[in-house]
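Q: Pasting a structure below so you can have a look.
The values are calculated or read from the model by the stated rules, or taken from the named source; none is laboratory data. Predicted model, so just to flag it, every value in this text is computed and none were measured. Cβ atoms come from the backbone with ideal geometry, glycine included; neighbour counts cover every protein chain shown.
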Amino acid sequence: MKYKILGISGSPVKKGNVESLLNRAIESLPAKKIEYEIVNLSGMKVRDCIHCNFCLTKQISGKYCSLKDDAQSIFEKAETADIIVLASPVYFMRSSALTAALMDRFRVFVFGNLTAGRMKNKIGVSMAAAWLRNGGVETTHLTHILAFLTLEMIPASTHQGISPLGASVLTSISGSGNFEPAACLGMENDEQGLLSARFILRRAMELAKLIKK
């Protein structure tokens with residue numbers, strides 16, 4: 001049995017720490033057991049939810065929201081996934097604006113006349129990349145986890161790693177906050193952070209198998 005993973009990078013930086021973290025983590029899983037796709041919000045247009053309530057009564061197949069942008073394609077990918085990974089850089093102790101905009105748009109899966117409940121029992125994984133050691137990794141995870149709970153998803157957690165709330169990587173050397181021009185992808189130097197991503201994805205796979213049974 002194969003499992004579908006949708007990774008969502010909420011970083012504005014293409015091929016940066018967050019996107020690289022997602023790739024490294026998913027590629028560590030057994031290739032025969034998974035299908036995966038990574039969506040980079042940096043290359044997409046996802047507008048803010050305008051709370052127009054279109055989704056409550058006017059959804060039709062292929063149109064879950066009144067706004068015309070790239071969100072519909074993400075909605076459709078999320079519907080077919082078993083595991084959804086929200087990965088964000090830490091901005092001001094929280095998720096990026098790109099990530100937050102998409103989370104707000106997932107309102108279609110809470111109230112939609114066609115799509116309400118379609119995220120129920122999917123597995124949610126949080127990933128966060130922070131410049132500082134104590135610069136907001138866990139508060140970013142909590143933002144993602146609260147979204148998972150609102151969608152009636154099942155958040156994955158594990159004590160094998162830096163934080164039970166999610167995969168946590170530091171992008172400056174040892175989380176010092178010192179700028180190193182040569183370290184373009186600082187997360188590659190955070191061995192324990194990369195391990196935490198592998199651990200929590202393995203836990204997500206365990207949960208997905210339980211749900212499918």
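Q: Any idea how many residues of segment 108-137 are part of a strand (DSSP E or B) and surrounded by 24 or more Cβ atoms within 10 Å (Cβ to Cβ)?
A: Residues meeting the conditions: 7.
Q: Restricting attention to segment 25-44, and to residues there that are among the charged types (D, E, K, R) and assigned to a strand (DSSP E or B), which single residue is farthest from residue 85 (Cα to Cα)?
A: Among residues in segment 25-44 that are among the charged types (D, E, K, R) and assigned to a strand (DSSP E or B), the one farthest from residue 85 (Cα to Cα) is 35.
Q: Out of all the residues in segment 75-90, is one or more closer than 22 Å to residue 146 by Cβ and in contact with an Asp or Glu (Cβ under 7 Å, 6 or more places away or on another chain)?
A: Taking every residue of segment 75-90 in turn, at least one turns out to be closer than 22 Å to residue 146 by Cβ and in contact with an Asp or Glu (Cβ under 7 Å, 6 or more places away or on another chain).
Q: What residue, among those in segment 5-23 that are farther than 18 Å from residue 167 by Cα and in contact with a helix residue (DSSP H, G or I) (Cβ under 6 Å, 6 or more places away or on another chain), is surrounded by the fewest Cβ atoms within 10 Å (Cβ to Cβ)?
A: The qualifying residue surrounded by the fewest Cβ atoms within 10 Å (Cβ to Cβ) is 14.
Q: Then there's this: Could you tell me how many of the residues in segment 1-24 are under 14 Å from residue 123 (Cβ atoms) and either in a helix (DSSP H, G or I) or of a type in the set (Phe, Trp, Tyr) (or both)?
A: 1
Q: Spot the failing condition for residue 187; the list is (1) part of a helix (DSSP H, G or I); (2) aliphatic (A, V, I, L, M); (3) surrounded by fewer than 16 Cβ atoms within 10 Å (Cβ to Cβ); (4) modelled with pLDDT under 90, and only one is missed.
A: Evaluating residue 187 over (1) part of a helix (DSSP H, G or I); (2) aliphatic (A, V, I, L, M); (3) surrounded by fewer than 16 Cβ atoms within 10 Å (Cβ to Cβ); (4) modelled with pLDDT under 90 leaves (3) as the failure.
Q: Residue 41 is checked against (1) under 24 Å from residue 157 (Cα atoms); (2) surrounded by 21 or more Cβ atoms within 10 Å (Cβ to Cβ); (3) at pLDDT 95 or above; (4) not aromatic (Phe, Trp, Tyr) and fails just one. What number does that condition carry?
A: The number of the failed condition is (1).
Q: Would you pick out the residues in segment 139-168 that are in a helix (DSSP H, G or I) and either within 13 Å of residue 88 (Cβ to Cβ) or in contact with a helix residue (DSSP H, G or I) (Cβ under 8 Å, 6 or more places away or on another chain) (or both)?
A: 139, 140, 141, 142, 143, 144, 145, 147, 150
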